[in-house]
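Notes for the one structure printed next.
Just so you know, all these numbers are worked out from the coordinates, no wet-lab data involved. If you're wondering where the values come from, they're calculated on a predicted model, not measured in any experiment. Here the Cβ is made from the backbone with ideal geometry for all residues, glycine too, and neighbour counts use every protein chain on show.
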Amino acid sequence: MGYHWNWQIFLSATPSGGDTYLGWMLAGLKMTVALSLAAWVLALLVGALMGVLRTVPSKALQRLAGAYVELFRNIPLLVQLFLWYFVLPELLPTAWGNAYKQINPVLQQFLAAWICLGLFTSARVCEQVRAGIESLPPGQKNAGLALGLTLPQTYRHVMLPMAARLVVPPLTSEFLNIFKNSAVCSTIGLLELAAQGRQLVDYTAQPYESFIAVTLMYVLINVVVMTLMHHVETHTRVPGYIGKR
Amino acid sequence: MSDFDWSSIPGALPFLLQGMRVTLQITVVAIIAGLIWGTLLAMMRLAKNPLLSWFSAAYVNLFRSVPLLMVLLWFFLIVPQVMHNIFGLTPGADVRLSSAMVGFALFESAYYAEIIRAGIQSVPQSQVSAAYALGMTYGQAMRLVVLPQALRNMLPLLLTQAIILFQDTSLVYVSALADFFGAAYKVGDRDGRLVELLLFAGAVYFVLCYAASLGVKFLRRRVVA
C-alpha cells in the first residue's frame, strides 16, 4: 500500500505549540467523558421523572410522558443536535438568544450537546424505568395503599426503591450508548474524542494511527464502563430476582 | 426572534426528494446486507466450532463498542483506497455512497446478529431434535424449521432496528454526502434559512418514523400473539 506508518507522531508537538498530539487526544477523551457523564445525570433525572409519569393513574400525565418519548425517539440524534444548537437560540426571546450567543463558543457547544444528549437518552431511560415499575407485582402498590400511604408515598417508599434496583442491568446498555452517541457532537465543532481524531488527520496526514488510537480509546471506555456496571449490578441485585434480566 | 420564511422549501423539493432517495438506498442496502451477514454471524456464534464463534463474538463486540460515527469515518477512509487498489479507480472518484453502504451494512449486521441470535435461541431445542429425527441436515433444519419460527419472534425487533438505522443514516453528513438531512442542511445554508429547513427535516423524520413505529406496534399485536 505504500503507507508510511509513524506512531511517534503522537509525541511530536502540535503547530500551535505547548502540547503534543497525544495531549490533544487526551483532551478529547476528557471532553467525551465529561460530556457523557453530565448528560447521563440529566438523562437519569428526566428519564426517572417521565418513567414515573408513564405509570401514574392520570391519563393526561401518561399521554404527556408518552408524547415526550415518541418525540425524542423518532427524530435522528444529529437532527436533534442541530435543532438545539442552531435553531433554539433563534426561537428564544431575542434577549435570551443574544445572551446565549454572547457566551464562550466552547460553552455554547457544550451546553447544546449536553441538553441534546441528556434529553435524547432520557426518553430511553424513561421506557426502562416504566418497564421496571410495571414489572413489580401489583400487590406491592396495593399493599402500600392499604397501609394508608398516599400514592406519592407508595412510590417513594415502596415501588421506586425496588424498581431502581431492577432497572440497573437494562440501564447499563444505555450508559454505554451515551458515550458512543457523544461522538455525534463532533459535528457542531465540540472537540471531543472523535473530533480530535479528525483534527489530527488534518494536521498530520496520518489517518490510520489517529483513527486506531481513537477507536481503542472508545473500546477502553466501553470496557471500563462494563466493569464498573458489573460491580454496581452485583451490589444492587435484588435477592430472589437473581439472573432475571 | 426571526420571522419564519418557508418559501425556499417548495423550490427545493426535487433536491430534497433526491436526498431522500439516497437515504432510502443506504437504508435498504444496509438492511438486506445486514440481515444476510447478520444471520451468518448469528449462526457462527451458535456453531460448535470455537474459532467461528470466537470470530463472530469479536466482530459483534468490536462494532458494538465503537460509535457509528467513528465506523463511518473509517469506511470513508478505507473504501476509496481499497477501490483504488483493487479496481484501479482513480483516487478522486466519488465512492462516498458505496463507502456509506458498506459501512452501514457491516455496522448494522453486528446489531442484527444479536437480535437474530436471540431469535434462534427462542426456538425450543426439541424443534431441532425433531428436524434431525426426520433426517434433515443442519442446513435444512435451520432453513425449514428454525429460521422461519425465529423470524416470527424477532420481526418486531428487526423492524425497530430498521427504523433506528433509517435515522442513523443522517450521519453520512460527516462525508458531505447529500442524503435527506444533508440536502436539507445545504438548502438551508444556501438560502440563509437554516432554522426553517432544520425544523422541516425534523418534522419529516418524525412523521415517517412515528408512522413506521405505529406500524410495528400493530404488527406486533397481529403477528406475534
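Annotations for the structure displayed:
- In plain terms, the C-alpha convex hull of the range A:41-174 casts an average shadow of 9.8 nm² when viewed from every direction.
- Here the spin labels are modelled as points 7 Å beyond Cα on the Cα-Cβ line, and at B:LEU24 and A:HIS235 they lie 5.2 nm apart.
- Of the chymotrypsin sites (Phe, Trp or Tyr not before Pro) in the range A:139-245, the ones in a loop by DSSP (not H, G, I, E or B) with at most 13 other beta carbons within 10 Å are A:TYR241.
- Relative contact order (%) - chain B, alpha-carbon pairs under 8 angstrom, separation at least six: 29
- Rounded tilt (10° steps) of B:194-222 against the dominant C-alpha axis of chain B: 20
- When you restrict to C-alpha pairs under 8 Å that are six or more residues apart and normalise by the size of chain A, the relative contact order lands at 27 percent.
- Kyte-Doolittle at least 1.6, axis length at least 15 Å by Cα - qualifying DSSP helices, chain A: A:21-53
- Here the Karplus curve 6.51 cos²θ - 1.76 cosθ + 1.60, taken at θ = phi - 60°, turns the phi angles of the range A:85-90 into couplings of 7, 9, 8, 3, x, 7 Hz, with x standing for Gly and Pro.
- Dimensions of chain A from C-alpha coordinates, computed as largest minus smallest value along each principal axis and given longest first, are 73, 50, 31 Å.
- Take the Cα radius of gyration of the range B:24-177 and divide it by 2.2 N^0.38 Å, N being the number of residues; the result is 1.19.
- Counting only alpha carbon atoms, the long axis of helix B:50-65 and the longest principal axis of chain B meet at about 20°.
- By the beta-carbon count within 10 Å of each Cβ, the least crowded to most crowded order of A:SER173, A:SER122, A:SER58, fewest first, is A:SER58, A:SER173, A:SER122.
- Cα-based helix-to-principal-axis angle, B:8-46 vs chain B, degrees rounded to 10: 20
- Loop-located trypsin sites (Lys or Arg not before Pro) across the range B:1-64 with a Cβ neighbour count of 13 or fewer within 10 Å are B:LYS48, with loop assigned by DSSP.
- Label-point gap, in nm, between A:TRP96 and A:LEU37 - each point 7 angstrom along Cα→Cβ: 3.0
- Between the amide H of A:THR20 and those of A:THR14, distances stay under 5 Å, these residues lying 5 or more places away or on another chain, with hydrogens modeled in the peptide plane.
- Relative contact order of the range A:1-116, defined on C-alpha pairs under 8 angstrom at six or more residues apart (%): 20
- Every helix of 4 or more DSSP H residues in chain A counts as -39500 (n - 2.57), and over all residues that averages to -23000 deg cm²/dmol at 222 nm.
- Net charge contributed by nearby residues that have their C-beta within less than 11 Å of B:ALA178 (K/R +1, D/E -1): +2
- Sites A:LEU64 and B:VAL207 - FRET efficiency at Förster radius 22 Å, r taken between beta-carbons, to 0.05: 0.65
- Inter-part distance where the range B:75-127 and the range B:164-199 are each reduced to a Cα centre, Å: 23
- Average projected area [Cα convex hull, the protein assembly as shown], square nanometres: 28.4
- The percentage of C-alpha pairs in the range B:25-90 whose separation is greater than 16 Å is 64%.
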